[in-house]
Amino acid sequence: MLKIAIPVERGVLSPHFGHCAEFALIEADPISRKIIRTEIVSAPPHQPGLLPQWLGETGCNIIIAGGMGNRAISLFSQKGIEVICGAPSLNPQDIALAFLNGELQTSGNLCDEPGFKEAGGHNCKKHKQGL
């Protein structure tokens, strides 16, 4: 069984993992490639280092995000949680199904993209200080 966490904002993947309002926690069977259960939960308050602990406690073993800082990726990796960045802003079930079927198209970590802040994102330099 896989448990996939996807940051959500207004029903679709949030472009930045650490500042989303909610997470879709999706339990899926990798053999049948089917979603077993989807739960939408409120994100905890933004604090450095909190999300790896919190998502680890939910049993999450994969995170699919648009962008994430390198320190956050490292913290998740230390907990044995795989991180996939550069996913499109689609609804979480479509993203999870594409992943399960080996069809998820990613474009690279959005937090590494020049001009992300100017396009309405945030200043990713703050990731050097943690999540």
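Tell me which of these Pro88 doesn't satisfy, since it passes every other one: (1) touching a residue at least 60 places away in the same chain (Cβ under 8 Å); (2) touching a strand residue (DSSP E or B) at 6+ places or on another chain (Cβ under 9 Å); (3) at positive phi. For Pro88, the exception is condition (3).
Ala43 falls short of the stated requirement of being more than 11 Å from the chain's Cα centre (by Cα), buried (at least 18 other Cβ atoms within 10 Å of the Cβ) and within 22 Å of Gln105 (Cβ to Cβ).
Show me the helices (runs of 4 or more DSSP H) entirely contained within the range 45-131 in which 2 or more residues are modelled with pLDDT of 85 or more, over 16 Å from His19 (Cβ atoms) and of a type in the set (S, T, N, Q). Give the steps one after another, and end with the answer.
Numbers: elements: 50-57, 70-78, 92-100.
The helices (runs of 4 or more DSSP H) meeting that bar are 70-78.
What number of residues within the range 62-77 satisfy the criterion of being in contact (Cβ under 8 Å) with a residue 60 or more places away in the chain and among the β-branched types (Val, Ile, Thr)? Can you show your working first?
First, the residues of the range 62-77 that are in contact (Cβ under 8 Å) with a residue 60 or more places away in the chain: 62, 64, 69, 71.
Applying the additional criterion that residues be among the β-branched types (Val, Ile, Thr) yields 62, 64.
Adding up the residues that qualify gives 2.
Evaluated against (1) of a type in the set (Gly, Ala, Ser); (2) at negative phi; (3) free of Cβ contacts under 8 Å to residues at least 60 places away in the same chain; (4) surrounded by 12 or more Cβ atoms within 10 Å (Cβ to Cβ), Gly59 falls short on exactly one condition, (2).
The values are calculated or read from the model by the stated rules, or taken from the named source; none is laboratory data. Because the structure is predicted, anything quoted here is derived from the model rather than measured. Here the Cβ is made from the backbone with ideal geometry for all residues, glycine too, and neighbour counts use every protein chain on show.
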